[in-house]
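Here's the structure, in structure tokens; my notes come after.
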Amino acid sequence: MSAVGGGEAPGTATRAEVCAVACAELFRGDGEIVAAAVAGFVPMLGARLARATFEPDLLTTDGGPALTAEPVPLGARAGSGEGGVEGWLPFRDHLWLVLNGRRHVVMGPSQIDRFGNMNISCVGDWERPSRQLLGVRGAPGNTRLNTTSFWVPRHSPRVFTEKVDFVGGVGTDRGAHELRAVVTNLAVLDFATPDRRMRLRSLHPGVTLDEVVAATGFDLAVPGEVPLTRTPTGEELRIMREVLDPKGLREREVPS
């Protein structure tokens, strides 16, 4: 098994910027649906980058109820500069979109297994957990009704585990609507296998196959040749650095 180049040289892109572009690619082809990248700075940047480049019909917010006319910088509010308010999305309307599958959400699992069953509720036995987390939140509805992807800023066996301690979001073996992909600080993974279990789609530049296998707590499906995750174009780098994230918040989540 070997890793082969994906066409573009890494250039000056940081690992965080490679991850942001991988998150942007999650939304390719989605069209006019809401991009709900709720898992961190990098997927939020990715959604806004997708809208600013190859998915202009994507609906993005400022992190609150304001639908923005243009993708706004991370941390900014619609109307505070570029990207005025073009509509409102109060919670009840957001839930209507969830129920009707008009949303693509990127979630951050605390645990995820080979079929994409995910846990954000607790670590340890349900009756006496060692760590209490968020609860199920919107994970059941997201995974049953919406396109769902995942962002993991620290790829490790503690996250990619043989069995999750509590199933909050359902996997491909439990009736998930569409689990599109998992982006981590090391790689991109998806469920494009005959039994719909997780496989390695691409390695980020500078990452080895052995690193990903060692950081995954179950047997990962690995193709014979693993491409590299594509790196940002010069224009994508400009947009990220000068327009969407001039404060460099992406680098806090994935340090170089």
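The values are calculated or read from the model by the stated rules, or taken from the named source; none is laboratory data. The model shown is predicted, which means the values in this text are computed figures rather than measured ones. In this analysis, Cβ positions are derived from the backbone assuming ideal geometry, glycine residues included, and neighbour counts consider all displayed protein chains. Each accessible area value is taken on the protein alone, full model and side chains, heavy atoms only, with ligands, DNA and RNA left out. Shrake-Rupley method; radii C 1.70, N 1.55, O 1.52, S 1.80 Å.
With a/c under 1.5 counting as rounded, go ahead and sort the range 150-253 into rounded, prolate or oblate using the C-alpha gyration tensor (a ≥ b ≥ c being the square roots of the eigenvalues; past the cut-off, prolate if a/b is larger than b/c, else oblate).
prolate
Modelling each spin label as a point 7 Å along the Cα-to-Cβ direction, I'd like the Asp219/Thr193 distance in nm, to one decimal.
Result: 0.8 nm between the two label points.
Amide H of Leu67 versus every other amide H placed in the peptide plane: which residues, excluding those fewer than 5 positions away on the same chain, fall under 5 Å?
Glu86, Gly87, Trp88, Leu89
Over the range 118-256, with every protein chain in place, what whole percent of the accessible area is carbon and sulfur at 1.4 Å, could you tell me?
Of the solvent-accessible surface of the range 118-256, carbon and sulfur hold 50 percent.
Of the accessible area of the range 47-113, with the probe set at 1.4 angstrom, what percent is carbon plus sulfur?
That fraction is 53 percent.
Keeping all protein chains in place, calculate the accessible area per residue for the chain (probe 1.4 angstrom), answer in Å².
46
Take the chain, mark every one of the trypsin sites (Lys or Arg not before Pro) that falls in a DSSP loop and has at most 13 other Cβ within 10 Å, then report the longest stretch left between them, sites excluded.
Counting at most 13 other Cβ atoms within 10 Å as exposed, the longest clean stretch of the chain is 29-153.
Val38's amide H: which non-local residues (gap 5+, or another chain) put their own amide H closer than 5 Å, with H modeled 1.01 Å from N in plane and none for Pro or chain starts?
The list, which skips near neighbours in sequence, is Val106.
Of all DSSP beta bridges located in the chain, what percent are antiparallel, nearest 5?
The antiparallel fraction comes to roughly 45 percent.
How large are Rg and Dmax for the range 50-197 when calculated on the C-alpha trace, in angstrom?
16.8, 50
What shape does the range 124-203 take by its C-alpha gyration tensor, where a ≥ b ≥ c are the square roots of the eigenvalues and a/c under 1.5 counts as rounded, a/b above b/c as prolate, and the rest as oblate?
Verdict is oblate for the range 124-203.
In Å, the Kirkwood hydrodynamic radius of the range 27-102 over pairs of distinct alpha carbons?
It works out to 12.4 Å.
Projected onto the charge dipole of the chain (+1 at Lys/Arg Cβ, -1 at Asp/Glu Cβ, origin at the Cα centre), which of Val207, Met240, Leu220 gives the Cα projection farthest towards the positive end?
With unit charges placed on the Cβ atoms, the residue in question is Leu220.
If you plug each phi of the range 55-72 into the Karplus form 6.51 cos²θ - 1.76 cosθ + 1.60 with θ = phi - 60°, what whole-Hz ³J(HN,Hα) values come out, in order, with x for Gly and Pro?
Coupling constants for the range 55-72: 10, x, 8, 4, 8, 10, 10, 8, x, x, x, 8, 7, 9, 5, 9, x, 9 Hz.
What's the extension gain from Glu242 to Leu134 if we count 0.36 nm per residue and subtract their Cα-Cα distance?
Result: 35.5 nm gained on full extension.
Applying 1/(1 + (r/R0)^6) with R0 = 30 Å to the Cβ-Cβ distance of Thr208 and Asp173, what FRET efficiency is obtained, to the nearest 0.05?
My answer for the efficiency is 0.55.
What is the distance, in nm, between label points placed 7 Å from the Cα along the Cα-to-Cβ direction at Glu70 and at Arg158?
Simple spin-label model gives 4.1 nm for this pair.
Val85 versus Glu235, label points 7 Å from Cα toward the beta carbon: distance in nm?
Modelled inter-label distance: 3.2 nm.
Output the Kirkwood hydrodynamic radius of the range 59-138, Cα pairs only, in Å rounded to one decimal.
15.2
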